[in-house]
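The next block holds one structure in the form of structure tokens; read it before the comments.
The values are calculated or read from the model by the stated rules, or taken from the named source; none is laboratory data. These numbers were taken from a predicted model, which means no experiment stands behind them. Note that each Cβ is placed from the backbone with ideal geometry, even for glycine, and that neighbours are counted across all protein chains shown. Ligands, DNA and RNA are excluded from the accessible area calculation, which covers all protein heavy atoms including side chains. Shrake-Rupley method; radii C 1.70, N 1.55, O 1.52, S 1.80 Å.
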Amino acid sequence: MIENIMKELNSETSSLCLMNESLKKHTTYGIGGPADLMIFPKSKQDLIKVIEIINENKLQLTILGSGSNVLVSDKGIRGAVISLKNSLKQIKVSNNILYAECGTMLGKIVRHAVKNNLIGLENLNGVPGTLGGALIMNAGAWGGEISENLIHVELINSKNEIKKIPKKDLNFSYRKSSFQKDDILLSAKFDLKKADENIIHENFIKAQSGRKNTQPLSQRSAGSLFKNPENNSAGKLLDEAGLKGFSIGDAVISDKHANFFINNGKASSNDMIRLIKKAHGEVLERFKINLSLEVKLIGFNEDEIEGLC
Ligand SMILES: Cc1cc2nc3c(=O)[nH]c(=O)nc-3n(C[C@H](O)[C@H](O)[C@H](O)COP(=O)(O)OP(=O)(O)OC[C@H]3O[C@@H](n4cnc5c(N)ncnc54)[C@H](O)[C@@H]3O)c2cc1C
């Protein structure tokens, strides 16, 4: 069945389609088994056609940006995985309005805004990932969040309709958005402000150096593993629980930042899940705080990840 769908995609679209593609290559963790069918659409029109074909064939669909906030099971992902990291990359600035497509890397968008003396996105300097992933996660850093200056998001919904959803119809909170499960984000517009280039540049540099000083950036992670509980820090709780440096197999809790869980080489998803459960359990037992995950778990059975999320 997958082979036939791939043939159809190859004849009707210009997308790159790969069967049994290892998701290790497409996640910052470097962990994950194969996707039955991985698709890299070439353009927005291509993506629309791909989705039509996948829906007609009733194939389960998972969307990935650059895979910087996901832990994928070693069993991989059944059905189709669409990655937008190689397409939908247009950025335009007109006066103080910035438009970008959702496959664009956030870093590129931030630099584009800074170059145009637009203030409002520079605190996100150094957050990896695509704009689509950033909007789904409501990515944020140093007090700024991607949703702050948003005007609207263009998306394809579960009925295959392209819609522009104004910010007033969306809810964003800490690392959370109200997009529907099947929404596929295409582009977004932001209303930024012109400002003194020195101030923007100062914020931009501060965001970068703050990150270098506190995070293990040369190692494979998905950024912060747990969300910070209200008025507390997950990293501080994990550190106080004595978990810095604790490891299971090649899955290790960073010495530099206890909320960064690292793949030190050959960590399996099972190593990482066991490490996450251990850390979650320790914090619950010592501080009576039930940490919830910021990283999205994909491809696991419910019983494997019971008690997390
Ligand atoms: C070293 C490091 C530092 C980090 N620092 C920060 C930080 O400071 N702040 C922060 O908020 N995050 C941080 N992160 C986490 C991560 O970079 C962000 O969450 C990022 O926005 C995820 O983007 P992505 O394209 O990689 O999304 P992915 O990880 O590919 O996907 C994340 C989620 O979004 C969905 N998705 C992605 N694109 C689309 C789309 N177009 N349409 C519909 N759904 C989509 C996926 O299905 C998945 O559920 C860090 C990660 C790393 C590795």
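In region 282-307, which residue that is within 16 Å of the ligand (Cβ to nearest atom) and small (Gly, Ala, Ser) is nearest to PHE261 (Cα to Cα)? Ranking the candidates gives SER292 first.
All told, ILE151 meets the bar of being part of a strand (DSSP E or B) and farther than 30 Å from ILE53 by Cβ.
How many residues does region 227-263 contain that are within 22 Å of GLU304 (Cα to Cα) and open to solvent by 30 Å² or more (accessible area, probe 1.4 Å)? The qualifying residues number 5. So for region 5-17 (the condition being in a strand (DSSP E or B), in contact with a Phe, Trp or Tyr (Cβ under 9 Å, 6 or more places away or on another chain) and closer than 17 Å to SER87 by Cα), does at least one residue qualify? Among the residues of region 5-17, at least one is in a strand (DSSP E or B), in contact with a Phe, Trp or Tyr (Cβ under 9 Å, 6 or more places away or on another chain) and closer than 17 Å to SER87 by Cα, which makes the answer yes.
Filter region 18-31 down to residues that are part of a helix (DSSP H, G or I) and touching a Pro at 6+ places or on another chain (Cβ under 8 Å), then give me how many there are.
Final tally of qualifying residues: 1.
Give the residues of region 91-114 that are among the β-branched types (Val, Ile, Thr) and either within 11 Å of the ligand (Cβ to nearest atom) or modelled with pLDDT under 95 (or both), sorted by residue number. Answer for region 91-114, where residues must be among the β-branched types (Val, Ile, Thr) and either within 11 Å of the ligand (Cβ to nearest atom) or modelled with pLDDT under 95 (or both): just THR104.
In region 180-206, the residues that are farther than 20 Å from VAL93 by Cα reach residues that are surrounded by fewer than 21 Cβ atoms within 10 Å (Cβ to Cβ) and among the polar types (S, T, N, Q) with C-beta atoms within less than 7 angstrom, at least six apart or across chains, in these pairs: GLN180/ASN157; GLN180/SER158; ASP182/ASN157; ASP182/SER158; ASP183/ASN157. If the condition is being touching a Gly at 6+ places or on another chain (Cβ under 7 Å), near the ligand (Cβ under 10 Å from one of its atoms) and not basic (Lys, Arg), then region 183-231 contributes LEU185, ALA207.
Just checking, how many residues over region 143-175 are among the aromatic types (Phe, Trp, Tyr) and near the ligand (Cβ under 8 Å from one of its atoms)? Total satisfying the criteria: 0.
Listed here are the residues, each with its yes/no results for (1) in a loop (DSSP other than H, G, I, E, B); (2) without any contact (Cβ under 8 Å) to a residue 40 or more places away in the chain.
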{"position": "PRO229", "(1), (2)": "yes, no"}
{"position": "GLY235", "(1), (2)": "no, yes"}
{"position": "GLY245", "(1), (2)": "yes, yes"}
{"position": "VAL252", "(1), (2)": "no, yes"}
{"position": "ALA258", "(1), (2)": "yes, yes"}
{"position": "ILE262", "(1), (2)": "no, no"}
{"position": "LYS278", "(1), (2)": "no, yes"}
{"position": "ILE289", "(1), (2)": "yes, no"}
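For first residues located in region 62-74 and on the phi > 0 side of the Ramachandran plot, partners that are more than 6 Å from the ligand (Cβ to nearest atom) and of a type in the set (A, V, I, L, M, F, W, C) and lie 6+ apart or on another chain with Cβ distances below 8 Å form the pairs GLY67/LEU23. Kindly evaluate MET137 against the criterion of being open to solvent by 50 Å² or more (accessible area, probe 1.4 Å) and either within 24 Å of ARG211 (Cα to Cα) or more than 14 Å from the ligand (Cβ to nearest atom) (or both). Judged against the criteria, MET137 is not a match.
Residue-by-condition table, conditions (1) hydrophobic (A, V, I, L, M, F, W, C); (2) more than 29 Å from ALA35 (Cβ to Cβ):
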site: VAL93; (1), (2): yes, yes
site: ALA100; (1), (2): yes, no
site: ILE119; (1), (2): yes, yes
site: LEU124; (1), (2): yes, no
site: ILE151; (1), (2): yes, yes
site: LYS163; (1), (2): no, no
site: ASP182; (1), (2): no, no
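Of the residues in region 162-175, at least one is touching a residue at least 40 places away in the same chain (Cβ under 8 Å), farther than 21 Å from VAL110 by Cβ and open to solvent by 40 Å² or more (accessible area, probe 1.4 Å). Each residue in region 135-144 was checked for being without any contact (Cβ under 8 Å) to a residue 40 or more places away in the chain and either assigned to a helix (DSSP H, G or I) or polar (S, T, N, Q) (or both), and 1 of them qualify.
Given the criteria assigned to a strand (DSSP E or B) and either out of contact with any helix residue (DSSP H, G or I) (no Cβ under 9 Å at 6 or more places or on another chain) or surrounded by 15 or more Cβ atoms within 10 Å (Cβ to Cβ) (or both), does SER218 qualify?
no
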